[in-house]
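Trainee: Below is a structure I'd like to ask you about.
Read-outs: derived from the displayed coordinates by stated rules, not from any lab. Quick caveat, the model's predicted, so the values are computed rather than measured. Note that each Cβ is placed from the backbone with ideal geometry, even for glycine, and that neighbours are counted across all protein chains shown.
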Amino acid sequence: MNTIYALWLRQVKKYFRSKSRIIGSLGQPVLFLVAFGFGFGPIYQKAGGGNYIDFLAPGIILMSVLMTAMFSGIDIIWDRQFGFLKETLAAPVSRMEIVLGKTLGAATVALFQGVIVFILSMLIGFRPQSVLAIIPAFGFSFLVAILFSSLGTAIASLLEDMQGFQLIMNFLVMPIIFLSGAYFPLDGLPRGMEIVTRLNPLSYGVDGLRGALSGVYAYNPRLDFIVLAAVATILLLVGSYLFSKIQI
């Protein structure tokens, strides 16, 4: 338990020490929120969809959570190249504890990043349905953070260079986001795209967060929670297994 806490604390401290990292990671979410929100807002409203920023903001919040969570996996490659990981693996603790500490730390950082984007979206004009809606919203956001932190850990455990990790992340991140309903409604999609969006775990995170904040769900909120929790658990186990196979 002390190992999990120590690794969690290390991840969080590293994040808060890097002011440029915090500010830099906000650039893309804010750009998308402003450009899409005000650019497509009038069209969305004329089509009878209502306030597009209210629809868009939950997707942008989870985009920030996802990107921060997945790219946290690069810390494993960094530690591997500079020797810190060797010291960690030599400690008399299970590798499962190491993965849990790193994953929880990355998820906490990703969740904090999402909170910042949530505050910025409110300054732009987004309004949740109630203050109490923030509680389930945190729950869905944290599950998404755990899920994609685990995925980042699993991928990083298979790689040894940062360039390869970044290429894979760039290849995965945008399709996952665009095919999740973050930017457009999931109603009336072609059959093929509908199947893809239902296989995308982020779709359930976006729907859960949007439903919690606005009260409108595309799926059942219980289904959203069950899918996210199940996929997060599976990826955490997969990430732990792949991490246990790392050779130093």
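Trainee: Where the eigenvalues come from the Cα gyration tensor of the range 72-218, what are the semi-axes √(5λ) of the equivalent ellipsoid, largest first, in whole Å? Walk me through the numbers before you get to the answer.
Mentor: Details: eigenvalues 204, 76, 34 Å².
Each semi-axis is the square root of five times an eigenvalue, giving 32, 19, 13 Å.
Trainee: Rounded to whole Å and sorted largest first, what semi-axes of the equivalent ellipsoid does the C-alpha gyration tensor of the range 144-248 yield via the square root of 5 times each eigenvalue? Kindly include the intermediate steps, with their values, before the conclusion.
Mentor: On the way: eigenvalues 163, 51, 22 Å².
Whole-Å semi-axes of the equivalent ellipsoid: 29, 16, 11.
Trainee: Mind checking which of PHE71, PHE178, PHE16 has the largest fluctuation in a GNM of the chain, springs on alpha carbons under 10 Å?
Mentor: PHE16
Trainee: Sort TRP78, TRP8 so the one with the fewest other Cβ atoms within 10 Å of its own Cβ comes first. Could the numbers behind the result be given before it?
Mentor: On the way: TRP78 14, TRP8 20.
Fewest to most other Cβ atoms nearby, the residues stand as TRP78, TRP8.
Trainee: Shifting gears a bit: At q = 0.13, 0.16 Å⁻¹, what log₁₀ I(q)/I(0) does a Debye calculation on the Cα points of the range 50-149 give, no solvent, two decimals?
Mentor: Normalising to I(0) and taking log10 leaves -0.54, -0.71.
Trainee: Another question, then. Hey, fewest Cβ within 10 Å first, where do ILE23, ILE134 land in order? Write out the running numbers ahead of the final one.
Mentor: Numbers: ILE23 10, ILE134 15.
So the residues, fewest neighbours to most, are ILE23, ILE134.
Trainee: To continue, here is another question. Treating each Cα of the chain as an identical point scatterer and ignoring solvent, apply the Debye formula and state log10 I(q)/I(0) at q = 0.08, 0.14, 0.16 Å⁻¹.
Mentor: Calculated log10 I(q)/I(0) at the listed q: -0.31, -0.90, -1.14.
Trainee: What's the angle, to the nearest 10 degrees (0 to 90), between helix 201-214's Cα axis and the longest principal axis of the chain?
Mentor: So the helix axis and the longest Cα principal axis differ by about 50 degrees.
Trainee: What is the helix-to-structure angle for 27-39, meaning the angle in degrees between its Cα long axis and the longest Cα principal axis of the chain, kept from 0 to 90 and rounded to the nearest 10?
Mentor: Result, in degrees: 10.
Trainee: Quick one: order TYR219, TYR204 by neighbouring beta-carbon count within 10 Å, fewest to most. Before the final figure, lay out each step's value.
Mentor: Working: TYR219 16, TYR204 30.
Final ranking by Cβ density, sparse to dense: TYR219, TYR204.
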